[in-house]
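The values are calculated or read from the model by the stated rules, or taken from the named source; none is laboratory data. In this text the structure is predicted, and so the values were computed from the model without any measurement. Every residue, glycine as well, gets a Cβ built from its backbone with ideal geometry; the counts of neighbours run over all protein chains shown. Remember, those area values only see protein heavy atoms, side chains included, never the ligands or the DNA or RNA. Shrake-Rupley method; radii C 1.70, N 1.55, O 1.52, S 1.80 Å.
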Amino acid sequence: MADAALPRLLYIADVPVEASLHGSALIFRLLETYPAGRLRIVETGVPSQATRRLPGVTYASMPIGRQRWLNTRLHGVYSAWLTWRAASRANRVIASTAGFEVGAVATVGHGFGWLTAAEVARRLGVPLHLIVHDDWPQLSGIAGVARPWLDRSFGAVYRAAASRLCVSPFMAEEYARRYHASGSVMYPSRSKDCPIFEAKTPRAIRNGELVIGYGGSSGPEMMACLRTLAAALTGAPTRLEVFGPFGEDAKRDLLSISPAISFQGFVPFDQMIRDLRAIADVLFLPMTFDAAGRNNMTVSFPSKFTDYTATGLPLLIYGPPYSSAVRWARSFDDVAEIVDRESVDALREAIARIAGDHDRRAALAGRAVAIGRQCFDPEGARAALAAALGGVG
(Lines give C-alpha, C1' and ligand atoms only; values in the text may rest on other atoms or scores of the structure.)
Protein backbone atom coordinates (compact mmCIF):
# COMPACT_ATOMS: atom_id res chain seq x y z
CA MET A 1 0.00 0.00 0.00
CA ALA A 2 1.36 3.45 -0.92
CA ASP A 3 2.15 5.78 1.99
CA ALA A 4 -0.58 8.22 0.96
CA ALA A 5 -3.16 5.43 1.12
CA LEU A 6 -2.28 4.49 4.70
CA PRO A 7 -4.68 5.93 7.29
CA ARG A 8 -3.61 8.38 9.95
CA LEU A 9 -3.00 5.79 12.64
CA LEU A 10 -3.42 6.40 16.36
CA TYR A 11 -1.65 3.77 18.47
CA ILE A 12 -2.98 3.47 22.04
CA ALA A 13 -1.60 0.73 24.28
CA ASP A 14 0.24 -0.16 27.46
CA VAL A 15 3.05 -1.68 25.38
CA PRO A 16 5.59 1.09 24.74
CA VAL A 17 6.92 1.51 21.22
CA GLU A 18 10.70 1.36 21.48
CA ALA A 19 13.70 -0.57 20.23
CA SER A 20 14.12 -2.82 23.27
CA LEU A 21 12.67 -6.27 24.04
CA HIS A 22 9.57 -8.41 23.69
CA GLY A 23 6.34 -6.72 22.57
CA SER A 24 7.90 -3.27 22.53
CA ALA A 25 10.48 -4.34 19.96
CA LEU A 26 7.83 -6.16 17.94
CA ILE A 27 5.64 -3.04 17.64
CA PHE A 28 8.66 -0.81 16.98
CA ARG A 29 9.70 -3.02 14.09
CA LEU A 30 6.16 -3.23 12.76
CA LEU A 31 5.81 0.56 12.66
CA GLU A 32 9.37 1.67 11.87
CA THR A 33 8.58 2.25 8.18
CA TYR A 34 5.12 3.75 8.77
CA PRO A 35 5.08 7.39 7.59
CA ALA A 36 5.97 9.42 10.68
CA GLY A 37 3.51 12.18 9.84
CA ARG A 38 0.64 9.68 9.65
CA LEU A 39 1.35 8.05 13.01
CA ARG A 40 0.63 9.21 16.57
CA ILE A 41 1.55 7.14 19.64
CA VAL A 42 -0.16 7.27 23.04
CA GLU A 43 1.45 5.02 25.65
CA THR A 44 -0.88 4.14 28.51
CA GLY A 45 1.61 2.10 30.52
CA VAL A 46 5.27 2.59 31.39
CA PRO A 47 6.56 5.14 28.84
CA SER A 48 9.25 4.35 26.30
CA GLN A 49 12.77 5.73 26.57
CA ALA A 50 13.17 8.77 24.34
CA THR A 51 16.41 7.50 22.83
CA ARG A 52 14.73 4.27 21.68
CA ARG A 53 11.67 5.79 20.03
CA LEU A 54 10.63 5.95 16.38
CA PRO A 55 12.25 9.04 14.87
CA GLY A 56 9.96 11.87 13.85
CA VAL A 57 6.86 10.37 15.50
CA THR A 58 4.88 12.28 18.13
CA TYR A 59 4.58 10.36 21.41
CA ALA A 60 2.36 11.05 24.41
CA SER A 61 2.44 9.33 27.80
CA MET A 62 -0.92 8.89 29.54
CA PRO A 63 -0.49 6.12 32.14
CA ILE A 64 -3.78 4.56 33.17
CA GLY A 65 -2.54 3.53 36.62
CA ARG A 66 0.28 3.95 39.12
CA GLN A 67 2.98 1.34 38.53
CA ARG A 68 3.96 1.15 42.20
CA TRP A 69 0.45 0.05 43.18
CA LEU A 70 0.63 -2.75 40.62
CA ASN A 71 3.65 -4.07 42.50
CA THR A 72 1.85 -4.51 45.82
CA ARG A 73 -0.37 -7.20 47.30
CA LEU A 74 -3.35 -5.13 46.13
CA HIS A 75 -2.38 -5.81 42.50
CA GLY A 76 -5.42 -7.94 41.73
CA VAL A 77 -7.99 -5.49 43.07
CA TYR A 78 -6.19 -2.47 41.59
CA SER A 79 -5.99 -4.21 38.20
CA ALA A 80 -9.74 -4.79 38.31
CA TRP A 81 -10.32 -1.12 39.09
CA LEU A 82 -8.03 0.03 36.27
CA THR A 83 -9.66 -2.35 33.80
CA TRP A 84 -13.11 -1.08 34.73
CA ARG A 85 -12.03 2.57 34.45
CA ALA A 86 -9.84 2.28 31.32
CA ALA A 87 -12.55 3.34 28.86
CA SER A 88 -13.14 6.56 30.84
CA ARG A 89 -9.72 7.79 29.72
CA ALA A 90 -10.95 8.14 26.14
CA ASN A 91 -11.77 11.86 26.43
CA ARG A 92 -8.23 12.74 27.46
CA VAL A 93 -6.73 10.69 24.64
CA ILE A 94 -9.04 12.22 22.04
CA ALA A 95 -8.19 15.72 23.27
CA SER A 96 -4.49 14.97 22.79
CA THR A 97 -5.03 14.27 19.08
CA ALA A 98 -6.20 17.79 18.21
CA GLY A 99 -4.97 18.59 14.70
CA PHE A 100 -4.39 14.93 13.87
CA GLU A 101 -7.28 13.52 11.88
CA VAL A 102 -7.46 9.94 13.11
CA GLY A 103 -8.35 7.41 10.43
CA ALA A 104 -7.80 4.23 12.43
CA VAL A 105 -6.83 3.10 15.93
CA ALA A 106 -4.35 0.30 16.68
CA THR A 107 -3.81 -1.31 20.05
CA VAL A 108 -2.22 -4.32 21.74
CA GLY A 109 -4.36 -6.65 23.84
CA HIS A 110 -2.23 -6.38 26.97
CA GLY A 111 -2.69 -4.40 30.18
CA PHE A 112 -5.46 -1.79 30.17
CA GLY A 113 -4.91 0.48 27.16
CA TRP A 114 -6.80 -1.75 24.74
CA LEU A 115 -10.05 -0.85 26.49
CA THR A 116 -9.27 2.84 26.15
CA ALA A 117 -8.37 2.30 22.50
CA ALA A 118 -11.65 0.50 21.81
CA GLU A 119 -13.64 3.35 23.32
CA VAL A 120 -11.65 5.98 21.39
CA ALA A 121 -12.27 4.12 18.13
CA ARG A 122 -15.99 3.84 18.94
CA ARG A 123 -16.36 7.54 19.71
CA LEU A 124 -14.40 8.63 16.65
CA GLY A 125 -16.21 6.16 14.41
CA VAL A 126 -12.99 4.68 13.02
CA PRO A 127 -11.79 1.07 12.70
CA LEU A 128 -10.01 -0.61 15.60
CA HIS A 129 -7.10 -2.93 14.80
CA LEU A 130 -6.20 -5.32 17.61
CA ILE A 131 -2.74 -6.87 17.84
CA VAL A 132 -2.44 -9.77 20.27
CA HIS A 133 0.91 -11.08 21.54
CA ASP A 134 -0.07 -12.96 24.67
CA ASP A 135 -3.13 -14.43 26.36
CA TRP A 136 -3.98 -11.41 28.48
CA PRO A 137 -7.34 -12.65 29.82
CA GLN A 138 -5.49 -15.61 31.36
CA LEU A 139 -2.18 -13.84 32.06
CA SER A 140 -3.61 -10.82 33.86
CA GLY A 141 -3.15 -10.54 37.62
CA ILE A 142 -6.70 -9.26 37.99
CA ALA A 143 -8.67 -10.36 41.06
CA GLY A 144 -10.19 -13.80 40.44
CA VAL A 145 -13.79 -12.66 40.85
CA ALA A 146 -13.30 -10.17 37.99
CA ARG A 147 -11.60 -12.58 35.57
CA PRO A 148 -14.81 -13.80 33.84
CA TRP A 149 -15.77 -10.16 33.24
CA LEU A 150 -12.29 -9.43 31.82
CA ASP A 151 -12.59 -12.40 29.47
CA ARG A 152 -16.03 -11.25 28.30
CA SER A 153 -14.74 -7.71 27.78
CA PHE A 154 -11.74 -8.93 25.82
CA GLY A 155 -13.95 -11.20 23.72
CA ALA A 156 -16.29 -8.32 22.90
CA VAL A 157 -13.41 -6.08 21.78
CA TYR A 158 -11.82 -8.95 19.85
CA ARG A 159 -15.03 -9.65 17.94
CA ALA A 160 -15.75 -5.96 17.28
CA ALA A 161 -12.27 -5.14 15.95
CA ALA A 162 -11.95 -4.48 12.23
CA SER A 163 -8.90 -6.74 12.22
CA ARG A 164 -7.39 -9.18 14.70
CA LEU A 165 -3.67 -9.78 14.23
CA CYS A 166 -2.47 -12.81 16.21
CA VAL A 167 1.18 -13.53 16.90
CA SER A 168 0.93 -17.25 16.09
CA PRO A 169 -1.33 -19.67 14.22
CA PHE A 170 -1.98 -21.36 17.56
CA MET A 171 -3.38 -18.13 19.00
CA ALA A 172 -5.57 -17.56 15.95
CA GLU A 173 -6.95 -21.10 16.30
CA GLU A 174 -7.57 -20.86 20.03
CA TYR A 175 -9.19 -17.42 19.86
CA ALA A 176 -11.46 -18.50 17.01
CA ARG A 177 -12.66 -21.31 19.28
CA ARG A 178 -12.88 -19.14 22.38
CA TYR A 179 -14.26 -15.87 20.97
CA HIS A 180 -15.96 -17.04 17.75
CA ALA A 181 -14.10 -14.67 15.44
CA SER A 182 -11.30 -15.38 12.98
CA GLY A 183 -7.90 -13.73 13.27
CA SER A 184 -4.97 -13.28 10.91
CA VAL A 185 -1.49 -14.54 11.75
CA MET A 186 1.21 -11.90 12.01
CA TYR A 187 4.46 -13.38 13.26
CA PRO A 188 6.98 -11.15 15.02
CA SER A 189 9.25 -9.56 12.46
CA ARG A 190 12.87 -8.58 12.16
CA SER A 191 13.94 -4.98 11.97
CA LYS A 192 14.38 -3.45 8.52
CA ASP A 193 18.10 -3.14 9.34
CA CYS A 194 18.51 -6.63 10.75
CA PRO A 195 21.79 -8.32 9.78
CA ILE A 196 21.02 -11.78 8.42
CA PHE A 197 23.79 -14.36 8.17
CA GLU A 198 24.05 -17.62 6.34
CA ALA A 199 24.56 -20.78 8.37
CA LYS A 200 27.84 -20.62 10.25
CA THR A 201 30.27 -23.47 9.64
CA PRO A 202 30.39 -25.31 12.97
CA ARG A 203 33.73 -25.18 14.71
CA ALA A 204 35.46 -28.26 16.01
CA ILE A 205 34.38 -29.01 19.58
CA ARG A 206 37.27 -30.27 21.65
CA ASN A 207 36.43 -32.58 24.56
CA GLY A 208 32.74 -31.74 24.25
CA GLU A 209 33.25 -27.99 24.90
CA LEU A 210 30.27 -25.98 23.71
CA VAL A 211 29.28 -22.32 24.02
CA ILE A 212 25.54 -21.73 24.47
CA GLY A 213 24.10 -18.27 23.84
CA TYR A 214 20.96 -16.73 25.34
CA GLY A 215 19.44 -13.36 24.54
CA GLY A 216 16.44 -12.24 26.57
CA SER A 217 15.06 -11.28 29.95
CA SER A 218 15.43 -12.51 33.51
CA GLY A 219 11.72 -12.82 34.26
CA PRO A 220 10.59 -15.57 36.66
CA GLU A 221 9.58 -17.99 33.90
CA MET A 222 12.86 -17.56 32.02
CA MET A 223 14.90 -17.81 35.21
CA ALA A 224 13.40 -21.20 36.02
CA CYS A 225 14.55 -22.51 32.64
CA LEU A 226 17.95 -20.85 32.94
CA ARG A 227 18.47 -22.48 36.33
CA THR A 228 17.86 -25.86 34.71
CA LEU A 229 20.33 -25.01 31.98
CA ALA A 230 22.89 -23.87 34.55
CA ALA A 231 22.51 -27.20 36.35
CA ALA A 232 23.03 -29.01 33.05
CA LEU A 233 26.35 -27.18 32.59
CA THR A 234 27.87 -28.61 35.75
CA GLY A 235 30.50 -31.25 35.15
CA ALA A 236 30.76 -30.53 31.42
CA PRO A 237 33.16 -28.22 29.56
CA THR A 238 30.26 -26.05 28.41
CA ARG A 239 29.58 -22.40 29.14
CA LEU A 240 26.67 -19.98 28.78
CA GLU A 241 26.87 -16.43 27.39
CA VAL A 242 23.90 -14.30 28.45
CA PHE A 243 22.70 -11.12 26.72
CA GLY A 244 19.98 -9.04 28.36
CA PRO A 245 19.15 -6.81 31.34
CA PHE A 246 20.05 -9.12 34.25
CA GLY A 247 20.18 -7.62 37.74
CA GLU A 248 22.74 -8.58 40.34
CA ASP A 249 20.34 -10.92 42.15
CA ALA A 250 19.62 -12.86 38.95
CA LYS A 251 23.32 -13.11 38.18
CA ARG A 252 24.15 -14.40 41.66
CA ASP A 253 21.29 -16.88 41.44
CA LEU A 254 22.60 -18.47 38.23
CA LEU A 255 26.27 -18.28 39.20
CA SER A 256 25.50 -20.11 42.45
CA ILE A 257 24.49 -23.08 40.28
CA SER A 258 27.29 -22.88 37.72
CA PRO A 259 30.30 -20.56 37.44
CA ALA A 260 30.45 -21.19 33.68
CA ILE A 261 28.17 -18.24 32.89
CA SER A 262 29.10 -14.78 31.56
CA PHE A 263 26.78 -11.77 31.34
CA GLN A 264 27.09 -9.34 28.44
CA GLY A 265 24.29 -6.96 29.45
CA PHE A 266 21.68 -5.39 27.19
CA VAL A 267 22.98 -4.42 23.76
CA PRO A 268 21.18 -3.32 20.57
CA PHE A 269 19.65 -6.22 18.67
CA ASP A 270 22.04 -5.98 15.72
CA GLN A 271 25.07 -6.09 18.00
CA MET A 272 23.58 -9.05 19.89
CA ILE A 273 23.12 -10.96 16.61
CA ARG A 274 26.74 -10.33 15.61
CA ASP A 275 28.12 -11.08 19.07
CA LEU A 276 26.15 -14.31 19.43
CA ARG A 277 27.33 -15.46 16.02
CA ALA A 278 30.92 -14.70 16.96
CA ILE A 279 31.03 -16.46 20.32
CA ALA A 280 28.27 -19.10 20.46
CA ASP A 281 27.80 -22.56 18.97
CA VAL A 282 24.09 -22.93 19.71
CA LEU A 283 21.29 -20.66 21.01
CA PHE A 284 18.99 -21.49 23.92
CA LEU A 285 15.28 -20.71 23.53
CA PRO A 286 13.20 -21.62 26.60
CA MET A 287 9.47 -21.65 27.36
CA THR A 288 8.22 -22.32 30.85
CA PHE A 289 6.99 -25.69 32.08
CA ASP A 290 5.01 -24.02 34.88
CA ALA A 291 1.42 -25.23 34.63
CA ALA A 292 0.19 -21.76 35.59
CA GLY A 293 1.60 -20.42 32.34
CA ARG A 294 0.25 -23.13 30.08
CA ASN A 295 -2.42 -21.05 28.34
CA ASN A 296 0.03 -18.32 27.42
CA MET A 297 2.78 -20.74 26.38
CA THR A 298 0.30 -22.46 24.08
CA VAL A 299 -0.69 -19.37 22.09
CA SER A 300 2.12 -16.80 22.48
CA PHE A 301 5.25 -16.85 20.34
CA PRO A 302 8.85 -16.10 21.38
CA SER A 303 10.13 -12.97 19.64
CA LYS A 304 13.63 -14.44 20.11
CA PHE A 305 13.04 -16.51 17.00
CA THR A 306 13.33 -13.42 14.81
CA ASP A 307 16.88 -12.52 15.85
CA TYR A 308 18.06 -16.03 16.67
CA THR A 309 17.33 -17.29 13.16
CA ALA A 310 19.35 -14.38 11.72
CA THR A 311 22.57 -15.49 13.44
CA GLY A 312 23.21 -18.57 11.30
CA LEU A 313 23.45 -20.71 14.46
CA PRO A 314 21.49 -23.84 15.47
CA LEU A 315 18.71 -23.57 18.05
CA LEU A 316 18.09 -25.54 21.22
CA ILE A 317 14.44 -25.24 22.28
CA TYR A 318 13.53 -26.18 25.84
CA GLY A 319 9.80 -26.23 26.56
CA PRO A 320 6.73 -28.41 27.01
CA PRO A 321 5.25 -30.21 24.00
CA TYR A 322 2.17 -27.96 24.00
CA SER A 323 4.24 -24.75 23.84
CA SER A 324 4.11 -22.69 20.68
CA ALA A 325 7.90 -22.83 20.21
CA VAL A 326 7.97 -26.63 20.24
CA ARG A 327 4.85 -26.97 18.08
CA TRP A 328 6.15 -24.41 15.58
CA ALA A 329 9.57 -26.09 15.38
CA ARG A 330 7.98 -29.50 14.84
CA SER A 331 5.90 -28.13 11.98
CA PHE A 332 9.20 -27.75 10.10
CA ASP A 333 11.67 -30.61 9.77
CA ASP A 334 15.00 -30.21 11.54
CA VAL A 335 14.69 -26.54 12.47
CA ALA A 336 15.89 -27.03 16.07
CA GLU A 337 17.07 -29.51 18.69
CA ILE A 338 14.07 -29.92 21.00
CA VAL A 339 13.87 -30.93 24.66
CA ASP A 340 10.24 -31.18 25.71
CA ARG A 341 10.73 -32.69 29.17
CA GLU A 342 11.48 -30.64 32.28
CA SER A 343 14.71 -32.39 33.12
CA VAL A 344 18.32 -31.45 33.76
CA ASP A 345 19.43 -34.82 32.42
CA ALA A 346 17.40 -34.47 29.22
CA LEU A 347 18.88 -31.03 28.62
CA ARG A 348 22.40 -32.27 29.36
CA GLU A 349 21.93 -35.16 26.90
CA ALA A 350 20.75 -32.76 24.18
CA ILE A 351 23.78 -30.55 24.73
CA ALA A 352 26.06 -33.57 24.44
CA ARG A 353 24.33 -34.64 21.20
CA ILE A 354 24.78 -31.20 19.66
CA ALA A 355 28.40 -30.97 20.78
CA GLY A 356 29.23 -34.36 19.34
CA ASP A 357 27.53 -34.05 15.96
CA HIS A 358 29.14 -31.49 13.66
CA ASP A 359 26.83 -32.35 10.75
CA ARG A 360 23.72 -32.05 12.91
CA ARG A 361 24.66 -28.54 14.01
CA ALA A 362 25.28 -27.52 10.41
CA ALA A 363 21.93 -28.91 9.26
CA LEU A 364 20.00 -27.25 12.09
CA ALA A 365 21.67 -23.90 11.42
CA GLY A 366 20.89 -24.01 7.72
CA ARG A 367 17.28 -24.94 8.31
CA ALA A 368 16.81 -22.20 10.93
CA VAL A 369 18.12 -19.56 8.52
CA ALA A 370 15.78 -20.72 5.74
CA ILE A 371 12.66 -20.87 7.92
CA GLY A 372 13.55 -17.57 9.57
CA ARG A 373 13.56 -15.87 6.18
CA GLN A 374 10.21 -17.45 5.38
CA CYS A 375 8.43 -16.49 8.61
CA PHE A 376 10.08 -13.34 9.99
CA ASP A 377 10.86 -11.14 7.03
CA PRO A 378 9.74 -7.61 7.99
CA GLU A 379 7.85 -7.18 4.75
CA GLY A 380 5.53 -10.01 5.73
CA ALA A 381 4.41 -8.34 8.96
CA ARG A 382 4.05 -4.95 7.30
CA ALA A 383 2.04 -6.46 4.47
CA ALA A 384 -0.26 -8.08 7.05
CA LEU A 385 -0.71 -4.72 8.79
CA ALA A 386 -1.28 -2.87 5.50
CA ALA A 387 -3.85 -5.47 4.43
CA ALA A 388 -5.66 -5.07 7.75
CA LEU A 389 -5.63 -1.27 7.57
CA GLY A 390 -6.86 -1.39 3.98
CA GLY A 391 -9.54 -3.94 4.70
CA VAL A 392 -7.88 -6.49 2.43
CA GLY A 393 -8.14 -10.23 3.07
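Of all the residues that make up the stretch 152-170, how many are over 13 Å from Leu130 (Cα atoms) and either within 21 Å of the chain's Cα centre (by Cα) or in contact (Cβ under 8 Å) with a residue 60 or more places away in the chain (or both)? Steps first, answer last, please.
Within the stretch 152-170, the subset over 13 Å from Leu130 (Cα atoms) is 152-153, 168-170.
Right, trim to either within 21 Å of the chain's Cα centre (by Cα) or in contact (Cβ under 8 Å) with a residue 60 or more places away in the chain (or both) and you get 153, 168-170.
Qualifying residue count, the stretch 152-170: 4.
Determine, yes or no, whether Ala310 is under 20 Å from the mean Cα position of the chain (by Cα), open to solvent by less than 20 Å² (accessible area, probe 1.4 Å), modelled with pLDDT of 95 or more and closer than 23 Å to Leu30 by Cβ. In short, yes. Among the residues of the stretch 207-222, just one is open to solvent by 60 Å² or more (accessible area, probe 1.4 Å) and free of Cβ contacts under 8 Å to residues at least 24 places away in the same chain, namely Pro220. Among the residues of the stretch 34-47, those that are open to solvent by 10 Å² or more (accessible area, probe 1.4 Å), at pLDDT 95 or above and of a type outside the set (A, V, I, L, M, F, W, C) comprise Tyr34, Pro35, Gly37, Arg38, Arg40, Pro47.
Of the residues examined, Thr83 is one that is modelled with pLDDT under 90 and part of a helix (DSSP H, G or I).
For the stretch 7-40, filtering for residues that are touching an Asp or Glu at 6+ places or on another chain (Cβ under 9 Å), in a loop (DSSP other than H, G, I, E, B) and under 25 Å from Gly125 (Cα atoms) leaves 7. Answer yes if at least one residue in the stretch 90-101 is modelled with pLDDT of 95 or more, small (Gly, Ala, Ser) and in contact with a helix residue (DSSP H, G or I) (Cβ under 6 Å, 6 or more places away or on another chain), and no otherwise. Among the residues of the stretch 90-101, not one is modelled with pLDDT of 95 or more, small (Gly, Ala, Ser) and in contact with a helix residue (DSSP H, G or I) (Cβ under 6 Å, 6 or more places away or on another chain), which makes the answer no. Can you find, within the stretch 58-79, the residue that is modelled with the highest pLDDT among those that are open to solvent by less than 20 Å² (accessible area, probe 1.4 Å) and in a helix (DSSP H, G or I)? My answer is Ser79. The residue of the stretch 223-254 that is most open to solvent (accessible area, probe 1.4 Å), among those that are farther than 17 Å from Arg353 by Cα and free of Cβ contacts under 8 Å to residues at least 24 places away in the same chain, is Arg252. Counting only residues that are open to solvent by 80 Å² or more (accessible area, probe 1.4 Å) and either in contact (Cβ under 8 Å) with a residue 60 or more places away in the chain or under 21 Å from Met297 (Cα atoms) (or both), the stretch 334-344 holds 2 of them. Is there a residue in the stretch 118-135 that is at pLDDT below 95 and either on the phi > 0 side of the Ramachandran plot or of a type in the set (Phe, Trp, Tyr) (or both)? Looking through the stretch 118-135, none of the residues is at pLDDT below 95 and either on the phi > 0 side of the Ramachandran plot or of a type in the set (Phe, Trp, Tyr) (or both). A search for C-beta distances below 7 Å between a residue of the stretch 6-24 that is without any contact (Cβ under 8 Å) to a residue 12 or more places away in the chain and closer than 16 Å to Arg40 by Cα and any residue that is of a type in the set (Ser, Thr, Tyr) and open to solvent by less than 20 Å² (accessible area, probe 1.4 Å), counting only pairs 6+ apart in sequence or on different chains, returns nothing.
From Ile261, Ile279, Ile257, grab the single residue that is touching a residue at least 24 places away in the same chain (Cβ under 8 Å), in contact with a Lys or Arg (Cβ under 9 Å, 6 or more places away or on another chain) and open to solvent by 50 Å² or more (accessible area, probe 1.4 Å).
Of the residues listed, the single one that is touching a residue at least 24 places away in the same chain (Cβ under 8 Å), in contact with a Lys or Arg (Cβ under 9 Å, 6 or more places away or on another chain) and open to solvent by 50 Å² or more (accessible area, probe 1.4 Å) is Ile257.
All conditions in (1) in a helix (DSSP H, G or I); (2) under 20 Å from Tyr308 (Cα atoms); (3) modelled with pLDDT under 95 hold for Gly366, with the sole exception of (3).
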